[in-house]
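What follows is a set of notes on a single structure, which appears directly below.
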Amino acid sequence: MNVDMEERQQDMCPICKTDRYLSPDMKFLVNPECYHKMCESCVDRIFAMGPAPCPYPKCGKTLRKNKFKTQIFDNIEVEREVDVRKRVSRVFNKVREDFDTLDDYNKYLEELEDIVFNIVNGVDVEATEQKLKEYEESNKPNIEENNAKRQKELEEFKEQEQRKHDLRMKKNLIERQIEQEAREMKELEKKEIINTLASGDGTQDATKAVSQVRKSMLKRSSARRKQLDEIMQALNSSRQAKGEDKKHNVPFTPFNGDRTSQHNFDIHDSYYDPFLDELKSKKEYIASGFEVHAVYDRVLTEAFTGLGCYIEQEKKELNDAIV
Amino acid sequence: MASHGVSFDDLYRRSTQYRLWSYTREQLAQQRREVNEKGCRKVDERLTSTPEVSASSIEKVTMDEEIALISFHARSIAKLAKFFNMPSQVRATGISFFRKFYLVNSVMEYHPKLILLTCLFLAAKSENFFISINSFSKRIPKTTPESILGLEFEILQSLKFTLMAHHPFRPLYGFFYDIQNVLGPEVSTKELGSVYDAARNLINEALISDAIYHFTPPQIALACFKTVNEELTMKYLNKKFTNVKVEDDVPKSTDYDTLVSVITECQQVIKDTPNPTKDQAVMIDKKVQFCVNPSLVLKRKRDTNEPDDANKRPRVGAVEGGASTSP
Amino acid sequence: MSYTKGESTAKKVGEGTYAVVFLGKQTSTERDIAIKEIKTGQFKDGLDMSALREVKYLQELKHVNVIELVDVFESANNLNLVLEFLPSDLEVLIKDRTLLFSPGDVKSWLLMTLRGVHHCHRNFILHRDLKPSNLLLSQSGELKIADFGLARSLGSPNEEFTSNVVTRWYRAPELLLGAKHYDGGVDIWAVGIIFAELMLRVPYLPGADDIDQIDVTFRALGTPTDSMWELVSTLPGYNNLTVYPQPTKQELRKRFIAATESALDLMNDGTLRNVS
């Protein structure tokens, strides 16, 4: 039932009774004074000459044409409240950072809410409006300062977004270039091989030619890659610039204090070891990725693990501590 | 402490070998005393349930005899491991389990001959040298799979469920490299090679001694090196640990003098490893048998006319891998 | 140590470890614990090997990112492992589509996993079964590595290891090809695959069987050849392999749209065979 009502309301202006069928582009506007809805043409017609009383019966509030706006929310109550909030917030425009303690901030918020509540629900409206006015006057410079701050922040944000967007575009471009170059390199390689084979210089030179091509290509691609890295870094740092990490004063360490300290020995490239010599040349060892260095590391580490633990002394101390 | 991070010595201190199985001389002696007393009490318990046997006919095993017998059987484990072609790691772990078991229990509670089999079997499993129980027990006369497996839990509990044993073999290998590093051309590879081989053999002796309870594997390795070739070892230690540049973040844990004295002590402990003869071991073993099963004394009384011949007694622990004599 | 058996939730835990798990509380600390009761008699050669391995290695590895073995005891001829109880694991989280992973989350899980693996490796222990369901999570978000049933110490150089380890989808190529002398790299490979899965939210290389796994892996990351991996073709599993090309960086980028360059590099480091 209500839905029908609303639909009908959407389709017919209550003042001029124009039907949507007759004018399909009919738009409705409301005025924050009384929130009475009427179509655009009515607004034009009634208020073109200046402020006039609201045409709704029993209303009659003086309305100005420029105060009319499109209703954003379906629920008129919500629309009202949002408008009030906007108005009050223009005066009460501090943020959390402006307060030393959470408590202070909460008190501030409560004041704001009280005012909004009163105005919206028609409780002591006059007195509340007065209060609001007084607050505005006494805090004028502060309010203006805050407004300027917010404005600046918004602009910075927009700038940053634009920068990020540009970086992303660049990144995509470079990625495509890298891909392109990789393809070109493959083509060039093929050509080089064919050329050298055709000129009959033997396969030796073919591989040389290929490596030459590779080298020059590598130089280019590494430059590109560097560019890419820089961009990624810039992207990432812009994310962090917000200062969110300022709270975490404890520096991040990958090992969290658990890093094993330095060895008490150097590891040479090779040692005299006939046993290992025999093993490391075996196919199945090489294929498995067996590394003699790993063996050196392990046995040398074990040689110095516990060397400085003097059991007689330490266990005695432990024992004495318990007793 | 946090800024230094963790040293390798600290890592060793977290191992169960350090935490649960390292003792001062006094603590170890105390432990053995208590175990021996526990064993004696067990014998007394058995005597009360076999009133026909008089308490005086059962001789209890002394602490020293326990140690001697354990050492003897530890060598049996080594022989058995060789028989099964087990690597040194398995052999050493088996011996480790066996000796630890008898730091918690007395020989008078459990006869060593089955315990040593299960210890070796468990060590093989633990060190990834898996051998099926059937192929294991089949080649050991007078044993069944059940008798060996049945003791697994008991041994694990006595080991306090700690199975990781750190042996001196790898540290020895590491020093073999580091000596090359530190002494360089001052030592010939041939000389170093033969010193290493001899030291490695000595480690097998060390495993049977109490060294592993009072010293860490690297210290034992160096002790073995030093016993085989004092001059070379001292040259290395001197060069390595004196005039050490103390850097800010490397904790100076190895003080030269302390290290050398510790290593020297260790040498002595290895030397003092009891090495009873077969006859001595057999004699103690007889005692154990009666402690474990007092009613056997009555059987002996019956055969009083026959000479006390060791050969007539049931063979203890099929050590020679199949050599069985009397039924 | 005494424990109160809370609700007894009997469920089979994984393959190979035939155990019944009870939840309870440690009376002295009120801590939640899980008691894994391992049934004897399942393994015909005495006590189960994976149970022994868990006991052996967990006793030595005490670390904030490794599950804690609180106690071990015998009861009714069964081996009981008392482990700290952790309510969730990474597999559960990955599968829950209502959860969004932020880069910070992925980073922190990976970091905790790597810290745990580092601790194992510096004690010369290979885990050999890393996968999301073995990375447990505590109430406070701490990640802990669990299930050491397949772990082993790095042995002597001449020892042969079995290549039939690690759950198939997380198995490194050297294992797929039957190498018997591998090292901690197999764990790092698994971490790389887990990283990929955290980004993709589905398993990265799901092979249907062991043969298919080789194909899936090489198709995604390229077939290794002797020129980049010395003598790989001599490995037992290297038979009739289709030679897939290495993926280009761009192809990887397309697959992992959420990854940053450094994330891709990290994953590459984990999954490339560094033979030189």
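We did not get these values from a lab; they are worked out from the coordinates using the rules stated. Nothing here was measured: the structure is a model prediction, and the numbers come from that model. Note: ideal-geometry Cβ built from the backbone for every residue, glycine included; neighbour counts use all protein chains shown.
Sparse packing (at most 16 other Cβ atoms within 10 Å of the Cβ) combined with a DSSP loop state is found for the following chymotrypsin sites (Phe, Trp or Tyr not before Pro) in segment A:1-100: A:Tyr21, A:Tyr35, A:Phe73, A:Phe99. Here chain A is assigned +1 on the Cβ of each Lys and Arg and -1 on the Cβ of each Asp and Glu. Its dipole about the Cα centre then comes out at about 1780 debye. Hydrophobic long helices, here whole DSSP H runs in chain B with Kyte-Doolittle means of at least 0.0 and Cα atoms spread over 15 Å or more along the helix axis, are found at B:63-83, B:88-104, B:112-126, B:169-183, B:189-208, B:217-228, B:256-271, B:278-292. Going by the alpha-carbon gyration tensor, a ≥ b ≥ c the square roots of its eigenvalues, is segment C:111-215 rounded (a/c under 1.5) or, if a/c is not under 1.5, prolate (a/b greater than b/c) versus oblate? Oblate. Volume per residue of the convex hull around the Cα atoms, evaluated for chain A, comes out as 463 Å³. For C:Leu100, neighbours were defined as the other residues whose beta-carbon sits under 15 Å from its Cβ, and their charges (Lys and Arg +1, Asp and Glu -1) total +2.
Sites counted here are GluC sites (Glu not before Pro) in a DSSP loop (not H, G, I, E or B) having no more than 11 other Cβ atoms within 10 Å; the longest part of chain C that contains none of them is C:31-276.
Electrostatic bookkeeping for B:Ala123 treats Lys and Arg as +1 and Asp and Glu as -1; over the other residues with beta carbon under 13 Å from its beta carbon, the sum is +3. Projecting the Cα atoms of A:Thr101, B:Tyr12, C:Leu198 onto the charge dipole of the protein assembly as shown, computed from C-beta unit charges around the Cα centre, puts C:Leu198 farthest toward the positive end. Its Cα gyration tensor gives the protein assembly as shown an equivalent ellipsoid; the semi-axes, largest first and in whole Å, are 75, 39, 28. Using the rule -39500 (n - 2.57) for each DSSP H run of four or more residues, divided by the residues of the protein assembly as shown, the 222 nm mean residue ellipticity is -17500 deg cm²/dmol.
Since only C:Pro173, C:Leu130, C:Phe101 are under comparison, the one whose Cα sits farthest along the positive direction of the charge dipole of segment C:88-271, derived from C-beta charges on Lys, Arg, Asp and Glu, is C:Phe101.
Rounded to the nearest 0.05, the FRET efficiency derived from the C-beta distance between C:Ser75 and A:Ala182 at R0 = 45 Å is 0.10.
Each Lys and Arg Cβ is given +1 and each Asp and Glu Cβ -1; about its Cα centre, the protein assembly as shown then shows a dipole of about 1520 debye. For chain C, a simple Cβ point-charge model (Lys and Arg +1, Asp and Glu -1, everything else neutral) yields a dipole of about 400 debye relative to the Cα centre. What FRET efficiency do you get for B:Phe130 and A:Lys191 if R0 is 60 Å and r is their Cβ-Cβ distance, rounded to the nearest 0.05? Here the calculated transfer efficiency is 0.55.
Of A:Lys190/C:Lys254; B:Lys125/C:Lys39; A:Lys94/A:Lys152; A:Lys170/A:Lys190; A:Lys315/B:Lys38; B:Lys82/C:Lys56, which ones are farther than 21 Å apart at the Cα? Correct reply: A:Lys190/C:Lys254; A:Lys170/A:Lys190; A:Lys315/B:Lys38; B:Lys82/C:Lys56. Each Lys or Arg adds one and each Asp or Glu takes one away; over the other residues whose Cβ falls under 14 Å from the Cβ of A:Ala52, this sums to +3. Looking at chain B, which longest stretch skips every one of the trypsin sites (Lys or Arg not before Pro) that is in a DSSP loop with at most 16 other Cβ atoms within 10 Å, leaving the sites themselves out? Counting only loop sites that pass the neighbour cut-off, the longest clear stretch is B:15-138. Note on A:Gln71 and A:Phe157: their simple-model spin labels are 2.9 nm apart, each label 7 Å out from Cα toward Cβ. In a fully extended conformation the segment linking A:Asp297 and A:Phe275 would gain 6.3 nm over its present Cα-Cα distance, using 0.36 nm per residue. Between helix C:49-60 and chain C there is an angle of about 80 degrees, using the helix long axis and the longest principal axis of the Cα atoms. Putting +1 on Lys and Arg Cβ atoms and -1 on Asp and Glu Cβ atoms, find which of B:Ala199, B:Leu183, B:Pro168 reaches farthest to the positive end of the dipole of segment B:152-223. The Cα lying farthest towards the positive end belongs to B:Leu183. Between A:Ala52 and A:Leu63, the built amide H atoms are under 5 Å apart, and every one of these is 5 or more places off in sequence or on another chain. Projecting label points 7 angstrom from Cα along Cα→Cβ for B:Arg14 and C:Lys39 puts them 3.6 nm apart. Compute the Cα gyration tensor for segment B:1-111, then decide on rounded, prolate or oblate, letting a ≥ b ≥ c be the square roots of its eigenvalues: rounded whenever a/c is under 1.5, prolate when a/b is larger than b/c in the other cases, and oblate in all that remain. It is oblate, given that a/c is not under 1.5 and a/b is not larger than b/c. Assuming a ≥ b ≥ c are the square roots of the Cα gyration tensor eigenvalues, decide whether segment C:88-271 counts as rounded (a/c under 1.5), prolate (otherwise, with a/b larger than b/c) or oblate. Oblate, because a/c is 1.5 or more while a/b does not exceed b/c. Using a Gaussian network model of chain A in which every pair of alpha carbons under 10 angstrom is joined by a spring, one finds that among A:Leu22, A:Leu154, A:Leu112 the greatest mean-square fluctuation is at A:Leu22.
Summarising the label geometry, the points placed 7 Å from Cα in the beta-carbon direction at A:Lys282 and B:Val104 lie 3.7 nm from one another. Given a Förster radius of 56 Å and the C-beta distance between A:Asn142 and C:Thr225 as r, what FRET efficiency does 1/(1 + (r/R0)^6) yield to the nearest 0.05? Plugging the Cβ-Cβ distance into 1/(1 + (r/R0)^6) gives 0.20. Axis of helix A:203-240 versus longest Cα principal axis of chain A: the two differ by about 40°, to the nearest ten degrees.
For chain C, take the longest principal axis of its alpha carbons; what is the angle in degrees between that and the long axis of helix C:185-200, to the nearest 10 within 0 to 90? Value to nearest ten degrees: 90. With a 10 Å cut-off around each Cβ of C:155-164, the average count of Cβ atoms from other chains is 5.
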